[in-house]
Structure formats: structure tokens, C-alpha cells
Amino acid sequence: NNVTFKIKGMQNKMKQEQQNTKKLEAIQEVQVLKDNKFVRKGNRSISLVEKHKLGSQIFKEELKLKVTINTLIEETNGLPTMKYKVIQRLGDGAYGTVYLAENLMTKAKVAMKKINKVKENEIDDMEIKNEINILKKLDHPNIVKILEFYSTEPAYYIITSYCPCGELYNQIKYQYNENQLAVLFYQVFSGLYYLHSKNIVHRDLKLENILITEIEKEKKTGKSLFWIKIIDFGTAKIFEKNKSEKAVVGSSYYIAPEVLQKKYNEKCDTWSAGVILYMLICGRAPFDGADDDEIIANIKKGTYNHFHKKLVASSPEVQDLVTKLLEVNVNKRLSAAEALRHPWFTKFNGKSLYMNLDKEKVKMYLDRLVSFEINSKFQQMVLAFIVHNVPDTDETKDILKIFRLFDSND
């Protein structure tokens, strides 16, 4: 009977894997379409395929220098269907399809990015490995986290954390107050500061590459606060300080002028952040055109409408921030660290709302900590060590207050 039971269990497991595999290969859900309000003629992005006229050979060579198969995170040969069940297709990109999937054991939702291998296109394969190599180095609340990586003969599968609220791109049709934008962009610059401190430049920051993990109602105003993660590190690169990059990489609306001149550094990311901020304030791109060539020409000039009615109606602080981000002179442009210290974030509570801890959530977490019984004396020792040894900085003061409260109340 035990043998029969085990055989049936194996048969059921194989049957489920076959069903999941079939669903993964042939899933036909309607893909999520982008809102049409902010669409222009022509392609929105400079495709990597088209970069032969903008420096693809340099891009290919720099990837060869950085990518080795030994650096991949827990590469698994075979399909991920033994561990994950595909639920639905979320959308299609230039290099593959993204699915919502569920871990069969934990029931946790994840994003599964399937990228078809193109044998004759060496640059695509290097780009995929580059993305995994970069992602495995990162651990920040506003940057997507890679969980696993699978490889089959026809495709790669990258498993990452799931952002259920979609792209920031889909939110451009709405009007936001500056408190909302300050919270959002404090996260963007926090993520960029972390990347740049690790000597990583993203090079393709845009609305489509910022995903929303949660939309939370702010209690005082009832307005929505967005909690986000930066994604898509396929064209990211580990850079050297005081050395210029040369490969022209990016998307047409967002690419910095110095990238087009093939001499740039990590501040190309803060330019892109400035473009996104302008878009969310004004509802249009600062540098537009009928096609990519016209957009690129306007970016090279560096001139945009400083007097757009929505921008003029905004605070002097945010106007100043936009100006200092969309600064053609790289030496005068704000870095991510400098942007985080801008007065706009102080005036509109960007940092305080970002760092704010809901009392009910804190109580829930502390109750869980209390109920997790290791040894009450051991817990007190750990809390005492944290309270008396962790430096009280801007980054740690809020959590230290909680630990001190908990410590004082035994």
C-alpha cells in the first residue's frame, strides 16, 4: 500500500508539472495594455537592435568584460514548473514575456520573466546574464529582488519579487500633489543612491521600469502614496569612478545628452529621474518629437518648456529640483545623494512620510516578536545590544525609538 501511495504521489506530481509546463508554453490570457493617453508616434525606446548606429560594438565589448557564467545566482537547469505554478500573463516586452506565478510550497506570488534565447544574437544572451549578475548584488527595498534563475535550451526564466500594482507608466494620467511626488521620488533617489554607492549605473530608468508594489492611503489627506521598486537591469553596468562610459544605451524620452555624446557617468540616471518628475507634474515629456531622431535632437539641445502651466503652478522647490536634474552640464547636475538632501523633500515631507511607521503595524510586528519565544533573557540582551551599540543616525533613529520603547517596557 505504501508503494502504491508513493507511485500515485509521483504520478500526480508529474501530471501537475506537465500541466504547468503546458500552461507556461501556451498561456493565452489577454496581455495588460498600456494606457493610450501618453503615446506618441514611433517607438518609445531606442532598441538595442538599433544601437549599431549609436555604439552597439562598445556595448557588446563592455558586457564581455563583466559577465561570466560563474557569477549567476543559483542557476537551475530545466523549467521552473516543479516549483512554481503559472497564474496569468502580465505583459510582453521587447525580450520576453512576464507571468504572475505562485510558489507551490509557500503560495507566495512572484514574477516570472521568460526570455527566449536567440542563438544568432550574442548580445541578447550577454545582456540577460548581465542583468542576473547585477541583480544578485542588490538588496534594497526600492529595487526588485531576484529570487531564482532557470535555464532551458530555448529560454531563460528569471524569478523576481512581484509588484502587484503595475507600472508607474500607467499612473501618468492622474494628477498628484507634491507630498505624493515627494514620497515617490525619495524612494527613486534612495534606490539610485544605493546603486551608485555600489558603483552600478542603471542606464535605462523610465516610467515603465518603475513598478508599484503597494498603494497606501495617507491618513491625513486620504491621498495615495506609492511604494515602488526599480526594475530591468539588462543594460545596467558596474562602472569605475572618474572614468567615462561610452556605450549609447537608454530610451529615447529619458536618455541624457552626454550619453548621446558617448562620454558619461552615473549622473545619467538622475537626468532620467528629472525627466520622469517633469512627466508626472506636466503630463508630457520635456523633450518630445515626432520620432526618435527629433527627440534626440531636442535632448542634445537641452532646452525644454520651463514655463509649462502645471510646472509654474508647482512649488519653487520642485521647479528648482527639476532644473537641477535636467542640467546639461553634468558637473552642475545633482547626484542622487544631493537630490535626497534637496529642500523639496523637507517641505513636502518626502522623507518623513517615507520613513513613517504606522503604529498599528509596529504593534503587530512587536507582538509577533514577543510571541516568537527563544528566551526572554536572550531577547532582552539582543534589544539592549541594538539600543546601545547601533549609531543613532537619520537612517536608524526611527527604528531605534521603537526598540528603545520595547526595551524599556521589558
In nanometres, the difference between 0.36 nm per residue of separation and the alpha-carbon distance of ALA313 and LYS262 is 14.8 nm
In nanometres, the difference between 0.36 nm per residue of separation and the alpha-carbon distance of LYS219 and TYR174 is 14.2 nm
In whole percent, the fraction of accessible protein surface over the stretch 154-312 that belongs to carbon or sulfur atoms, probe radius 1.4 Å, stands at 48
Regression test value, accessible area per residue of the stretch 185-317, probe 1.4 Å, units Å², expected 39
Measure of exposure for ILE172: accessible area at 1.4 Å probe, Å² rounded to 10, is 20
Expected field for SER197, accessible surface area in Å² at 1.4 Å probe radius, rounded to 10, holds 70
By the mean-Cβ-within-10 Å protection proxy, highest first, 271-277, 239-245 rank as 271-277, 239-245
So ASN242 and LYS109, fully extended at 0.36 nm per residue minus their Cα-Cα distance, gain in nm 43.8 nm
SASA check, LEU340, accessible area w/ 1.4 Å probe, all protein chains in place, rounded to nearest 10 Å², comes out at 40
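The values are calculated or read from the model by the stated rules, or taken from the named source; none is laboratory data. As the structure is a computational prediction, the values presented were derived from the model and not from experiment. Note: ideal-geometry Cβ built from the backbone for every residue, glycine included; neighbour counts use all protein chains shown. Each accessible area value is taken on the protein alone, full model and side chains, heavy atoms only, with ligands, DNA and RNA left out. Shrake-Rupley method; radii C 1.70, N 1.55, O 1.52, S 1.80 Å.
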